[in-house]
Amino acid sequence: MQVGVIGMIVIDGSYGEGGGQLLRYSVALASLMGIDVRVVNIRAKRSPPGLRPQHLAAVRTIAQLVGANVEGLFIGSMEIVVKPRGRPRGGKLEVDIGTAGSVSLLLQAALPVLAAATDMVALRVRGGTDVSWSPPINYFEHVLIPLLRKFGLRVELKVVRRGFYPQGGGIVDVNVFPSYPLKPVEIERAGELREIRGISYAANLPRHVAERQAASARDALRLAGFGDYLSEIVIDVETPAVGPGSGIVLWAEYENGVVGADALGEKGKRAEVVGREAAEKLISVLRSGAPIDAHALDNIVIYMALAKGRSVVVSNELSSHAETAIWLCEQLTRTKFTVLQEKGGVKVAAEGVSYRASA
């Protein structure tokens, strides 16, 4: 991070994992903190580098919310300047990513800003709900949102239509209510494992695809010794979609936390492989004893920075995405994080800045 001669903060978009998350979080945090920011070397470690359609959608959405002036917003751009000018207002908002770009990744950036609005925001997003390299929308719904509610984030989500690669076309409705100041959280010990649940879905494919995914996941969980905790794995073949696709999301609810795992179907990949893959991911997290999985940690770092007071969480591992998010939050909010490696995982703590939405 550098500070220019006129006080603008410069963020190197190639830092750490150097992907789109750094860009999205930079714009979100700058908008909340009222900071002019220049992001350079955008997605420098990706091929192709620079802004892609899904990143344009995220930046445009946040800029629209806070009346920001934005420079450099075009496909392939390696540098943007964002100058926020106000607090989000309530009302209805529609965002069309225009491709199979991830709805979940757009929400990752937009939710902290939407929660600062003067009134409830009803957001409809069109794009990819179940695509590679991003959390499936049901993971967002059943793992991330319950964790965010622990901070006091008031949000509701409904999947109207699924969208798969390459067509996209999914629709997700989200209602976000004013939520600041956020509460700090302490999620260090998982406590009692209460149940394991899931949703196995297939769209424009035979029902047996979803059923076989679920059966394979159940078999793997039972074989690993978690059969007593297995509850319902919902078979969803009713939610409409653009194009064919399938996948499964599993989550385990603890006394003090929730962890999840997922796998996507693809052409030539047997349904049994999809179900077993998701189950093996979940089993790995369950055996660590951590109350939060690594993908969830990526998403809650920003809320730890904004909360009122000290938050402490334990995850099974610290991903490069989480490391980058921690670094960025320290630059733009001045929050100080501590990271301690522990047996079976990592402990992350932060003294939040007690962010309050200004008038």
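The values are calculated or read from the model by the stated rules, or taken from the named source; none is laboratory data. Quick caveat: nothing in here was measured; it's all calculated off a predicted structure. Cβ atoms come from the backbone with ideal geometry, glycine included; neighbour counts cover every protein chain shown.
One line per residue, one yes/no per condition, for (1) within 23 Å of P88 (Cα to Cα); (2) in contact with a Lys or Arg (Cβ under 8 Å, 6 or more places away or on another chain); (3) free of Cβ contacts under 8 Å to residues at least 40 places away in the same chain:
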position	(1), (2), (3)
M120	yes, no, no
V125	yes, no, no
G128	no, no, no
I137	no, yes, yes
I145	yes, no, yes
L148	yes, no, no
F151	yes, yes, no
K158	yes, no, yes
R162	no, no, no
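Residues that are outside the structural domain of H295 (by TED's automatic domain parsing) and of a type in the set (F, W, Y): which strands (runs of 3 or more DSSP E) entirely in the range 184-281 hold 2 or more of them?
Fully inside the range 184-281 and qualifying: 245-254.
Restricting the search to the range 234-268, which residues are among the acidic types (D, E) and closer than 29 Å to E188 by Cβ?
Across the range 234-268, the qualifying residues are E253, E255, D262.
When both residues are 6+ apart or on different chains and their Cβ atoms are under 6 Å apart, which pairs have a first residue that lies in the range 164-181 and is surrounded by fewer than 16 Cβ atoms within 10 Å (Cβ to Cβ), and a second that is basic (K, R)?
As it stands, the answer is D173/R124; D173/K158; F177/R154, since those pairs meet every condition given.
Here is a yes/no grid of residues against (1) under 15 Å from the mean Cα position of the chain (by Cα); (2) more than 24 Å from R24 (Cβ to Cβ); (3) modelled with pLDDT under 95:
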residue: R276; (1), (2), (3): no, yes, no
residue: R287; (1), (2), (3): no, yes, no
residue: P291; (1), (2), (3): no, yes, no
residue: I302; (1), (2), (3): yes, no, no
residue: S315; (1), (2), (3): no, no, no
residue: V339; (1), (2), (3): no, no, no
residue: V348; (1), (2), (3): no, no, no
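Given the criterion at pLDDT 95 or above, touching a Gly at 6+ places or on another chain (Cβ under 9 Å) and of a type in the set (A, V, I, L, M), identify the matching residue among V113, V81.
V81
With the structure loaded, tell me whether A210 is on the phi < 0 side of the Ramachandran plot, among the small types (G, A, S) and touching a helix residue (DSSP H, G or I) at 6+ places or on another chain (Cβ under 7 Å) or whether it fails that test.
Here the answer is no, as A210 does not meet what is asked.
With the condition kept exactly as written, say whether any residue in the range 247-257 is polar (S, T, N, Q), under 23 Å from V159 (Cβ atoms) and surrounded by 15 or more Cβ atoms within 10 Å (Cβ to Cβ).
No.
Which residue pairs have Cβ atoms closer than 8 Å, lie 6 or more positions apart in sequence or on different chains, and pair a first residue in the range 19-31 that is at negative phi with a second residue that is part of a loop (DSSP other than H, G, I, E, B) and among the charged types (D, E, K, R)?
G19/R43; G19/K45; G19/R46; G20/R43; G20/R46; G20/R52; L23/R43; A30/D36
May I ask you to verify whether E266 is in contact with a Ser or Thr (Cβ under 8 Å, 6 or more places away or on another chain) and among the charged types (D, E, K, R)?
So E266 fails the test.
Would you say R87 is under 23 Å from the mean Cα position of the chain (by Cα) and either more than 29 Å from P136 (Cβ to Cβ) or among the aromatic types (F, W, Y) (or both)?
In short, yes.
Report the residue count in the range 159-185 for those that are under 17 Å from the mean Cα position of the chain (by Cα) and under 30 Å from A349 (Cβ atoms).
2
Hey, does the range 53-63 have a residue that's of a type in the set (S, T, N, Q) and closer than 24 Å to S320 by Cα?
yes
Before we move on, is I171 under 30 Å from A115 (Cα atoms) and in the same structural domain as V125 (by TED's automatic domain parsing)?
In short, yes.
Could you check S132 against (1) free of Cβ contacts under 8 Å to residues at least 60 places away in the same chain; (2) in contact with a strand residue (DSSP E or B) (Cβ under 8 Å, 6 or more places away or on another chain) and say which number it fails?
(1)
Give the range 303-345 a look and list any residue that's surrounded by fewer than 21 Cβ atoms within 10 Å (Cβ to Cβ) and in a strand (DSSP E or B), or say none.
Within the range 303-345, R310, V312, F337, T338, V339, L340, Q341, E342 qualify.
If D293 satisfies all but one of (1) surrounded by fewer than 24 Cβ atoms within 10 Å (Cβ to Cβ); (2) of a type outside the set (A, V, I, L, M, F, W, C); (3) in contact (Cβ under 8 Å) with a residue 60 or more places away in the chain, what's the number of the condition it fails?
It fails just one condition, (1).
Against the definition (under 24 Å from S132 (Cβ atoms), surrounded by fewer than 23 Cβ atoms within 10 Å (Cβ to Cβ), at pLDDT 90 or above and touching a helix residue (DSSP H, G or I) at 6+ places or on another chain (Cβ under 7 Å)), how does V27 come out, yes or no?
no
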